[in-house]
Amino acid sequence: IFSAAVSACEKGGKWVLALGLLSDMGAARVELDTISCNAGVSACEKGGEWAQALELLVQMLAIHVELNTITCNAAVSACEKGGEWDQALELLGQMLAIHVELNTITFNAAVSACEKGGKWVEALGLLADMPASRLELDTYTFNTALKACEHGSSWQHSVALFTDFCSKFPAPAGMAAGSVINACRMANSWRLACLVLDREVHRWLAVDRPKSVVPLEAFQNGPRILLHQGGVLAVLKPADVSTERVIEQLRDQFRALGGSELTEVSRLDIQTSGVLVVAVGHFSSTAASYLLAQFAARLAIKTYQCLCSGHVLGSCGSKALRSAALSTVAVSGTKHTSVSLSGGQYARTSFFVKALYSYKGPSGMEDESFSFAEVRPITGRTHQIRVHLASIGRPLVSDVIYGRQAHARESRWCPRLFLHCRRTSVLDVDGRLCCAEAPLSPDLSDALKMMNRLDETSALGRTSVPQER
């Protein structure tokens, strides 16, 4: 009974309840076994509690409960989700010491932990160790190691690893290509980056070319189609609808019209509205691979509109940059990102101030200043715009996660997160520019109408331009 209950907690990610049940089992003198403890470790992993997962492993050893591959894999994965690359590598060493079998899942989680921690040398070291354990590298292993090299700006290793990848997996692989292209780009090797991209596109087109375009007038229901050409589909995503749900609605329409499969190549947070780009084709198609490569290589350009509170970002027309490494962890199934002072993933965002506003509440008292800005995430990290602005004291209006102190007040006149993807530019498989635009959504436009737009004179004294960091 206890084991079944712990297993149920594991499936729901209820790590506190799972550990409580394991404690109750000990108090009731019910013998703990590997199955119940595995479920407890998995619950900690799903809850992002790497320290609790490792502590449970220590307890298992103390009471002589056998650790197996499943147990340790869950603990390594917990370290990976928590960005604890050193703990993941230490656990791998302990697994070898106590003769617990390592498998590809073990190495993949450890490589991913190194990638998130910016440790590309360690990631490549793990790849070199896999053949000694008689393990084959899969596409996930290669992709994660390529991202680690990308973050480390090690373009030579990226190119060598990508060459090996293509020899083992000849099918189109946009994410892998994008990582090596961006590594070359970051090292100012633009010529090599262009050569890699051009070579891959021609190789992909030789075996697969997008089918004919379904006319826009054929789409009667569902999300509004903004653009459809050369394997690129751009749609207007409404707020409070997930990216997955929008794509599923589009798939239903395409199936009804006899169209191709659709593949997610970018995403918007559920609270964010605006342009969403989707590939017309299956995951390994030329269209999907080319778009995935552009997003991974940071060649796709996404422009957002946002309203942030706090001291204004700058005078109208001013520009600013924010560079700060970010770390994302999953807590009880919810992702949370923060600025990382050590490790983390490189992230950079540019801001362009379009207008300045103030708001008068019901009492007639003027509230704080607000900046309406166009924002371009040069990298594409989870919640990047929201975290970068919040980290300099300019949280987005009605941001329930990163702007909690002002959320209750702002939600009275702006009912949801003020973030909208205004424009996305990519290339289709024929090299033509695709630029899809979506005007600010009505609910956000109405929020702006309730505010007072400031001129330059009235904005004096409110301006505080954040410096590059």
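The values are calculated or read from the model by the stated rules, or taken from the named source; none is laboratory data. Here the structure is a predicted model, which is why all the values come from computation and not from measurement. Using ideal geometry, Cβ is built from the backbone for each residue, glycine included, and neighbour counts are taken over all protein chains shown. Protein only, heavy atoms only, side chains kept; ligands, DNA and RNA dropped before computing areas. Shrake-Rupley method; radii C 1.70, N 1.55, O 1.52, S 1.80 Å.
Round to a whole angstrom and tell me the spacing of the C-alpha centers of the stretch 290-349 and the stretch 76-135.
Rounded to whole Å, the Cα centres lie 28 Å apart.
Just going by the charge dipole of the chain, with Lys and Arg at +1 and Asp and Glu at -1 on Cβ, which of 439, 249, 144 is farthest out on the positive end?
Ranked along the dipole, the leading option is 439.
What is the distance in Å between the Cα centroid of the stretch 231-289 and that of the stretch 166-192?
24 Å
Testing the spin-label approximation: label points 7 Å from Cα along Cα→Cβ at residue 282 and residue 163. State their distance in nm.
For residue 282 paired with residue 163, the spin-label model returns 3.1 nm.
If r is the Cβ-Cβ distance from residue 360 to residue 140 and R0 is 51 Å, what FRET efficiency results, to the nearest 0.05?
0.45
Can you compute 3J(HN,Hα) from phi for each residue in the stretch 54-69, using the Karplus curve 6.51 cos²θ - 1.76 cosθ + 1.60 with θ = phi - 60°, rounded to whole Hz and x for Gly and Pro?
Calculated HN-Hα couplings, in order: 5, 5, 5, 4, 4, 4, 4, 5, 5, 9, 6, 8, 5, 8, 10, 4 Hz.
How many nm separate the modelled label positions at residue 132 and residue 376, each set 7 Å beyond the Cα in the direction of the Cβ?
Those two pseudo-labels are separated by 4.6 nm.
Please give the residues of the stretch 376-408, grouped as numeric ranges, whose backbone N is less than 20 Å from a label point set 7 Å along the Cα-to-Cβ vector of residue 301.
376-381, 385
Sequence-distant or interchain residues sharing an amide H contact under 5 Å with residue 434, placed H: which?
For residue 434, whose amide H was placed from the backbone, the distant partners under 5 Å are 426, 427, 428.
Could you tell me what fraction of 2.2 N^0.38 Å the Cα radius of gyration of the stretch 25-67 comes to, as a two-decimal ratio?
1.11
Once the Cα gyration tensor of the stretch 258-332 is found, what semi-axes does its equivalent ellipsoid get, as square roots of 5 times the eigenvalues, in whole Å, sorted largest first?
31, 16, 14
Alpha carbons only, please: Rg and Dmax for the stretch 214-305, in angstrom.
Both quantities, over Cα of the stretch 214-305: 12.5, 36 Å.
Hey, could you get me the Stokes-Einstein D for the stretch 376-442, Kirkwood radius over alpha-carbon pairs, 37 °C and 0.692 mPa s, rounded to whole µm² s⁻¹?
Here the translational diffusion coefficient equals 236 µm²/s.
Carbon and sulfur atoms: what percent of the 1.4 Å accessible area of the chain do they account for?
With neighbouring chains kept in place, the figure for the chain is 54 percent.
Check which residues have an amide H placed less than 5 Å from residue 282's amide H, if you skip close sequence neighbours.
261
Take the cross-link list 319/354; 81/335; 119/168; 237/302; 14/335 and give me the ones stretching past 18 Å between alpha-carbons.
The pairs that break the limit, which is 18 Å between Cα atoms, are 119/168.
Can you pull the semi-axes for the chain, root of five times each eigenvalue of the Cα gyration tensor, sorted largest first, whole Å? List each step's numbers first, then the result.
Values: eigenvalues 312, 192, 101 Å².
They are 39, 31, 22 Å, listed from largest to smallest.
Just the number: Rg to Rh for the stretch 133-181, Cα atoms, Kirkwood Rh, two decimals.
0.95
Output the direction-averaged projected area (hull surface divided by four) of the convex hull of the alpha-carbon atoms of the stretch 299-353, in nm².
If you wrap the Cα atoms of the stretch 299-353 in a convex hull and average its projections, you get 5.7 nm².
Just grab the label-to-label distance for residue 437 and residue 240, each label 7 Å out from Cα along the Cβ direction, in nm (one decimal).
Going from the residue 437 label point to the residue 240 one covers 2.8 nm.
Rg to Rh ratio, the stretch 125-239, alpha-carbon atoms and Kirkwood radius?
1.10
For the stretch 19-28, what does the Karplus curve 6.51 cos²θ - 1.76 cosθ + 1.60, with θ = phi - 60°, yield as ³J(HN,Hα) per residue in whole Hz, taken in order and with x for Gly and Pro?
5, x, 5, 5, 5, 5, 4, x, 5, 8
Amide H neighbours of residue 268 under 5 Å, at least 5 residues apart or on other chains, H built in the peptide plane: list them.
When sequence neighbours closer than 5 places are left aside, the close amide H contacts are 243.
With a probe of 1.4 Å, find how much accessible area the chain has per residue, and write the answer as a whole number in Å².
For the chain, the per-residue accessible area is 45 Å².
For the stretch 1-51, what is the charge dipole size about the Cα centre, in debye to the nearest 20, if Lys and Arg each add +1 at the Cβ and Asp and Glu each add -1 at the Cβ?
Once rounded to the nearest 20, the dipole reads 120 debye.
Using a 1.4 angstrom probe and counting only protein chains, how large is the accessible area of residue 455 in Å², to 10?
Accessible surface of residue 455 is approximately 90 Å².
Send over the semi-axes of the stretch 49-197's equivalent ellipsoid, whole angstrom and largest first, taken as the square roots of 5 times the C-alpha gyration tensor eigenvalues. Write out the running numbers ahead of the final one.
Working: eigenvalues 212, 46, 22 Å².
Equivalent ellipsoid of the stretch 49-197: 33, 15, 11 Å, largest first.
Please report the Cα spread of the stretch 227-377 along all three principal axes, rounded to whole Å, starting with the longest.
58, 41, 37
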